[in-house]
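Student: Structure incoming, see below.
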Amino acid sequence: MALIRKLPIAPNLNFVGYRKLFLAFSGAIVLASLVLFAVVGLNLGIDFRGGILIEVRTSGPADLASMRSRLGSLGLGEVALQEFGAADEVLINVQRQEGEEEAQSAAIAAVKEALGDDVAEYRRTEFVGPKVGGELQVAGALATVLAILGISLYVWFRFEWQFAVAALGALIHDVIAMIGFFAVTQLEFNLATLAAVLTVAGYSINDTVVIFDRVREVLRKYKKMPLLELLNLAVNQTLTRTLLTSFTTLLALFALSFFGGTVIRGFSTSLIWGILIGTYSSFGLAVPLLTFMGLRRVLGDEEPGEAKSGKTQAPEKAS
């Protein structure tokens, strides 16, 4: 607590002065992510690519090497096994078999026969066909696009179109950076991790709206202050709040990532990256983009604290 109390409420850092560096860095992230997505691709989960999913509980601690060897000799194609939260819980992924439902049922029967008495309980057995997987891919992409557009419309109605365009650019940057992260790490990309992408979009726009709200406030208050200086003031007044919010969120996510088990590790790990990139884009991309938007000064009477000479009073500290 003592360390937090010593943090400056409104530091004086020249963020906007480095806007070209920030924009170049963001452009590099977007370009690298798109290249990785095109070259490496995503490790699509069964939700999107289709296949057979079997969750089992073994009689004792699972011998994954032995189970993998037996299932690999069945000639079913790609078979992936992983512990699922406990040493005696295993998740088995089998690629979709050629043929209709009968072929999938035969593959499931072969897996059960190969595992034999090692398995104490079959907790679930699922099959996702290629048509359903394709539909989920389209629905997931559509949900992401609609979420981004909806958020941009909200910012437009709350502020002005310049803010909406800047927010849209930052959101697209965050989503593409998340896709690049999944391409690099090859974490399974499924419906749960798609939810993580949408969560990051919402978290990022929350930080962006807080900064934009302060930008609008200082635009009205300091009508003669140079725009770059004004944007710096807005970012600095909200910086401590933004960083502390992200820090406390990351504490919870690191705990989930290390102690939450395999089930949610992909979800929590992707959220950690998303919070980092979303926090950065709020002040490192969204605000610099405003410098190209031609912000309109709000007309009206001068504030009492602003002299006609153009000198402004000392900035108030953020509450």
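The values are calculated or read from the model by the stated rules, or taken from the named source; none is laboratory data. If you're wondering where the values come from, they're calculated on a predicted model, not measured in any experiment. FYI the Cβ positions are ideal-geometry reconstructions off the backbone, even for glycines, and counts take in every protein chain you see.
Student: So in segment 244-263, with the set limited to residues that are touching a residue at least 40 places away in the same chain (Cβ under 8 Å) and part of a helix (DSSP H, G or I), which one is farthest from Gly45 (Cα to Cα)?
Tutor: Of everything passing the filter in segment 244-263, Leu244 is farthest from Gly45 (Cα to Cα).
Student: In addition: Within the set of pairs 6 or more residues apart or between chains, which connect a residue that is in contact (Cβ under 8 Å) with a residue 40 or more places away in the chain inside segment 171-193 to a residue that is charged (D, E, K, R) and assigned to a helix (DSSP H, G or I) with Cβ atoms less than 9 Å apart?
Tutor: Qualifying pairs under 9 Å: Leu187/Arg265; Phe189/Asp47; Asn190/Asp47; Leu191/Asp47; Ala192/Asp47.
Student: Output the qualifying pairs, or none if there are none: Cβ atoms under 8 angstrom, residues six or more apart or on different chains, first residue in segment 144-166 and at pLDDT 80 or above, second residue assigned to a loop (DSSP other than H, G, I, E, B).
Tutor: Listed by first residue and then by second, the contacts come to Gln162/Met293; Gln162/Gly294; Gln162/Leu295; Gln162/Arg296; Phe163/Met293; Val165/Met293; Ala166/Met293.
Student: Would you mind listing the strands (runs of 3 or more DSSP E) fully within segment 46-107 where at least 1 residues are in contact with a Phe, Trp or Tyr (Cβ under 6 Å, 6 or more places away or on another chain) and modelled with pLDDT of 80 or more?
Tutor: The qualifying strands (runs of 3 or more DSSP E) are 51-58, 89-94.
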